[in-house]
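Reading through the structure tokens given below for one structure.
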Amino acid sequence: MVVHQSNIRHLLNCPKAFQLSLESEITRSREMADGLILEQLVFGSKGNDIEELLSNGKKPTKAQLERLARFERFADAIRKRLKFGGYPFMKIGTEYKGLILEGEMDFFGVLNGEQVIADLKFTKSIDRIWMTKTRKADFLQAVAYNYIAKKSELIKGYIPFVYILVQNDTSETPLIKLVRVVVTDADAKWFESILDDIILFETYGEFPAEPNEYKCAKCPFIAHCAEGKSVTKEPITIEFGGLE
Ligand code: SF4
Ligand SMILES: [Mn+2]
């Protein structure tokens, strides 16, 4: 089985979501398309056509061209602010007990004087979306890419994984925040235990659904999942007095 960290992330929510992620394509949202544009403006082309991402291959409108001009301005500001030299969009892979692990790092090299793996995230709100993240699933790239890079002997020891967060708003200069995630041997062991779970479910022949109304409401695969649909059909009752 070939797995990517983006699949493994789903396993931490629900085994069935992991399985569905292997089978289904997620439609590209505006936010994902904007992210792909900015990554390429900052690090260099990785083969995705910018016009295709901006305007679905149609002649761009004035508003779309202004959007692109803003992204170009942001990319210049990011390159001025962060000093980096290394390899963009590097594909890496390794094997664990028959599982093939694959990934692509946005950037591998030196950032502000430090050897890192980095990922650029273009997000609507750094504060709302990123400062509230506390789950291992939210930062899985940090351990997954370190694990693959070390096992494939690209690195000798674990290196910081840096999220370069850029706020996608109409500011003159972009709001940039770096989040460094540090991983240890114990985290690599934890990651292997997740890989062991995948192997176990695969041997068992089923990736069971673990529905829960909060998880399922956010699950990108709910359209393909009977258990998820049935759990979200139930109304939720809230006791007003119990609210904060
Ligand atoms: S909708 Fe719910 S049960 Fe179904 S895959 Fe997603 S998280 Fe799992
Ligand atoms: Mn990225």
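Right, S6: part of a helix (DSSP H, G or I) and buried (at least 16 other Cβ atoms within 10 Å of the Cβ) or not?
No; evaluated as a whole, the condition is false for this residue.
Y163 passes all but one of (1) more than 14 Å from ligand 1 (Cβ to nearest atom); (2) farther than 30 Å from E66 by Cα; which number fails?
(2)
Which of the numbered conditions does T170 fail, given that it passes all the others? Conditions: (1) part of a loop (DSSP other than H, G, I, E, B); (2) near ligand 1 (Cβ under 9 Å from one of its atoms).
Among (1) part of a loop (DSSP other than H, G, I, E, B); (2) near ligand 1 (Cβ under 9 Å from one of its atoms), T170 violates only (2).
How many residues does the range 5-50 contain that are at positive phi and β-branched (V, I, T)?
Total meeting the criteria: 0.
One residue is enough: does the range 64-72 have a residue meeting the conditions under 21 Å from the mean Cα position of the chain (by Cα) and over 30 Å from E210 (Cβ atoms)?
The initial filter retains those residues of the range 64-72 that are under 21 Å from the mean Cα position of the chain (by Cα), namely 71.
Those left that are additionally over 30 Å from E210 (Cβ atoms): 71.
Among the residues of the range 64-72, at least one is under 21 Å from the mean Cα position of the chain (by Cα) and over 30 Å from E210 (Cβ atoms), which makes the answer yes.
State whether the residues of the range 125-137 include one that is part of a helix (DSSP H, G or I) and either farther than 19 Å from P174 by Cα or over 23 Å from the mean Cα position of the chain (by Cα) (or both).
yes
Can you name the residue in the range 79-99 that is assigned to a strand (DSSP E or B) and among the aliphatic types (A, V, I, L, M) and is also farthest from L41 (Cα to Cα) among such residues? Steps first, answer last, please.
At the first step, the residues of the range 79-99 found to be assigned to a strand (DSSP E or B) are 84-96, 99.
From what is left, the residues that are among the aliphatic types (A, V, I, L, M) are 90, 92, 99.
On the way: M90: 16, I92: 22, L99: 34 Å.
It comes out as L99.
All but one of (1) within 16 Å of ligand 1 (Cβ to nearest atom); (2) surrounded by 16 or more Cβ atoms within 10 Å (Cβ to Cβ) hold for S24; state the number of the condition that does not hold.
Going through the list (1) within 16 Å of ligand 1 (Cβ to nearest atom); (2) surrounded by 16 or more Cβ atoms within 10 Å (Cβ to Cβ), S24 breaks only (2).
Sort out which residues of the range 150-166 are touching a strand residue (DSSP E or B) at 6+ places or on another chain (Cβ under 6 Å) and not in a loop (DSSP other than H, G, I, E, B), and write them in order of number.
K151, F161, V162, Y163, I164, L165, V166
In the range 26-83, how many are polar (S, T, N, Q) and within 16 Å of ligand 2 (Cβ to nearest atom)?
Within the range 26-83, the subset polar (S, T, N, Q) is 27, 29, 40, 45, 48, 55-56, 61, 64.
Still in the running and within 16 Å of ligand 2 (Cβ to nearest atom): 29, 40, 45, 48.
The qualifying residues number 4.
List, please: which pairs have Cβ atoms under 9 Å, are six or more places apart or on different chains, and start with a residue in the range 141-153 that is closer than 19 Å to L120 by Cβ and end with one that is assigned to a helix (DSSP H, G or I) and among the basic types (K, R)?
If the second residue must be assigned to a helix (DSSP H, G or I) and among the basic types (K, R), the pairs left are Q141/R9; V143/K136; A144/R9.
Looking at (1) buried (at least 16 other Cβ atoms within 10 Å of the Cβ); (2) in contact (Cβ under 8 Å) with a residue 12 or more places away in the chain; (3) touching a helix residue (DSSP H, G or I) at 6+ places or on another chain (Cβ under 8 Å); (4) within 28 Å of N146 (Cα to Cα), which one does F84 not meet, given that it meets all the others?
(3) is the only condition that F84 fails.
Identify, from the list A33, A118, the residue that is away from ligand 1 (no atom under 16 Å from the Cβ), modelled with pLDDT of 95 or more and not charged (D, E, K, R). Spell out how you get there, then give the answer.
On the way: A33 fails: modelled with pLDDT of 95 or more.
Being away from ligand 1 (no atom under 16 Å from the Cβ), modelled with pLDDT of 95 or more and not charged (D, E, K, R) holds for just one of A33, A118, which is A118.
Identify all residues within the range 49-78 that are part of a loop (DSSP other than H, G, I, E, B), of a type outside the set (K, R) and exposed (fewer than 13 other Cβ atoms within 10 Å of the Cβ); write none if there are none.
Quick first cut of the range 49-78, residues part of a loop (DSSP other than H, G, I, E, B) only: 49, 56-61.
Next, only the ones that are of a type outside the set (K, R) stay: 49, 56-57, 60-61.
Correct list: D49, N56, G57, T61.
Let me spell it out: the conditions are (1) without any contact (Cβ under 8 Å) to a residue 40 or more places away in the chain; (2) closer than 29 Å to E95 by Cβ, and Q5 meets all of them except one. Which number is the exception?
(1)
So which of T237, T184 is over 30 Å from K80 (Cα atoms), loosely packed, with under 13 Cβ neighbours inside 10 Å, among the hydroxyl-bearing types (S, T, Y) and in contact (Cβ under 8 Å) with a residue 24 or more places away in the chain?
On the way: T237 fails: in contact (Cβ under 8 Å) with a residue 24 or more places away in the chain.
The match here is T184.
The values are calculated or read from the model by the stated rules, or taken from the named source; none is laboratory data. The shown structure was predicted, so the numbers you read here are calculated from the model rather than taken from an experiment. Glycine also receives a Cβ, built like all others from the backbone with ideal geometry; neighbour counts cover every protein chain displayed.
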